[in-house]
Amino acid sequence: MQLRIISFRIIDNDLMNSSMLIVSLPYEPILFGVKLNMHLILEYLAFFIGFRYYVFLRKKSTDVISSNNRLSIIIGAVFGALLLSRIVAFFENPIAHVNEDWIFNLNNKTIMGGLFGGLLGVELAKKLIGEKHSSGDLFTLPIILGISIGRLGCFLAGIKEFTYGKETSIFMGMDLGDGITRHPIALYEVVFLMLLFIIIKKFQKSSTSFVNGDYFKLFMVSYFSLRFYIEFLKPNSFYVLGLSSIQLLCLICLVYYYKFIFEGISYVRKKLYVL
């Protein structure tokens, strides 16, 4: 396997600009004469590990939803995610994408559209089969784990994937493959998601006022809020009312969960009042 070198700038008390050597980006190691697409490999690995983790959690828990209904919900999520992930990705830059062929646009996708499309697909499936119970909590941790693995793949793809940030001079800036020190926003997401994973795991083990479905809502509200702000660090080129398509979707998601958000604010206020 071929190992290359990249540098990213760090700042400490004595050095303003120095470099630490790791691996070059985009990271495309060669194994037995074949160049490996690490982004694609980690994307498939994310699906596999996420699903196996879901199966593991379902075996350990008492699922109030029947296997048949759970399967219908998963199918709804898959089709919803497939559709909206492509639509939202297209509107990230429709002027450029309209000139691409249908294969490019079919392969072009975004996790944000996938998440919200999956949510809508689940709600539609539940309505069709008459399922009343919340179904999201069992998927929450596997989804967070899967996205984290996928985002590592995005990071290793460097500027080949539109998950890189604008030029920056702060100490976290990295050369992602074009000689420009940029925000490694994929890594920002990984750190955030791992912290969220730990927090939700602790909530699940402790006695909290969370009800069925709240962990998934917490994930969606937290992640979509993060992505709304992270989009300001991306070099987007298409805006509507000063916002990118991802940011508009984030706002739609937050409006969708407005009751949960207000309940959370009210809960925090009560806790602070007690203190």
Practice problem: Putting +1 on Lys and Arg Cβ atoms and -1 on Asp and Glu Cβ atoms, find which of Y239, I265, P184 reaches farthest to the positive end of the dipole of the chain. | Solution: I265
Self-check item: Within segment 165-235: Cβ-based charge dipole about Cα centre, in debye rounded to nearest 20 (Lys, Arg +1; Asp, Glu -1)
Solution: 360 debye
Self-check item: 1.4 Å probe accessible area per residue over segment 154-222, in Å²
Solution: 49 Å²
Exercise. Please quote Rg/Rh for segment 35-151 to two decimal places, taking the Kirkwood radius as Rh and restricting both calculations to Cα atoms.
Key: 1.03
Self-check item: Percent carbon-and-sulfur accessible area, segment 79-121, ignoring ligands, DNA and RNA, probe 1.4 Å
Solution: 72 percent
Practice problem: Along Cα→Cβ, 7 Å out, is where each label goes; now give me the distance between the ones at I87 and N107 in nm to one decimal. | Solution: 2.4 nm
Quiz item: Using the alpha-carbon atoms, what tilt in degrees (0 to 90, nearest 10) does helix 111-129 show relative to the longest principal axis of the chain?
Solution: 20 degrees
Practice problem: Figure the gain on full extension for I180 and E161 (residue separation times 0.36 nm, minus the Cα-Cα span) and round it to one decimal in nm. | Solution: 5.3 nm
Practice problem: Taking the convex hull of the Cα atoms, report for the chain its projected area averaged over all directions, in nm². | Solution: 18.9 nm²
Quiz item: Between exposed GluC sites (Glu not before Pro) in the chain, where DSSP calls loop and at most 16 other Cβ atoms lie within 10 Å, what's the longest gap?
Solution: 162-275
Quiz prompt | Acute angle (nearest 10 degrees) that the helix 137-156 long axis makes with the longest principal axis of the chain, alpha-carbon atoms | solution = 10 degrees
Quiz item: Using the alpha-carbon atoms, what tilt in degrees (0 to 90, nearest 10) does helix 214-230 show relative to the longest principal axis of the chain?
Solution: 30 degrees
Practice problem: Using every pair of alpha-carbon atoms in segment 105-198, split the distances into 5 Å bins beginning at 0 and state the percent of pairs per bin, rounded to integers. | Solution: 3, 12, 18, 18, 16, 13, 9, 6, 3, 2, 1
Quiz item: Going from most exposed to least, what order do I170, I73 have by accessible area with a 1.4 Å probe?
Solution: I170, I73
Practice problem: Report the label-to-label distance for V64 and H97 in nanometres (one decimal), using points 7 Å from each Cα along the Cα→Cβ vector. | Solution: 3.8 nm
Quiz item: Of F197, Y164, L249, whose Cα points farthest to the positive end of the dipole of segment 160-275 (charges on the beta-carbon: +1 Lys, Arg; -1 Asp, Glu; origin at the Cα centre)?
Solution: F197
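Could you tell me what a quarter of the Cα convex hull surface of segment 164-275 works out to, in nm² with one decimal place?
9.4 nm²
The values are calculated or read from the model by the stated rules, or taken from the named source; none is laboratory data. This one's a predicted model, so the numbers in the text were calculated from it and none came from an experiment. Here the Cβ is made from the backbone with ideal geometry for all residues, glycine too, and neighbour counts use every protein chain on show. To get the accessible areas, we keep the full protein, side chains included, count just its heavy atoms, and leave off ligands, DNA and RNA. Shrake-Rupley method; radii C 1.70, N 1.55, O 1.52, S 1.80 Å.
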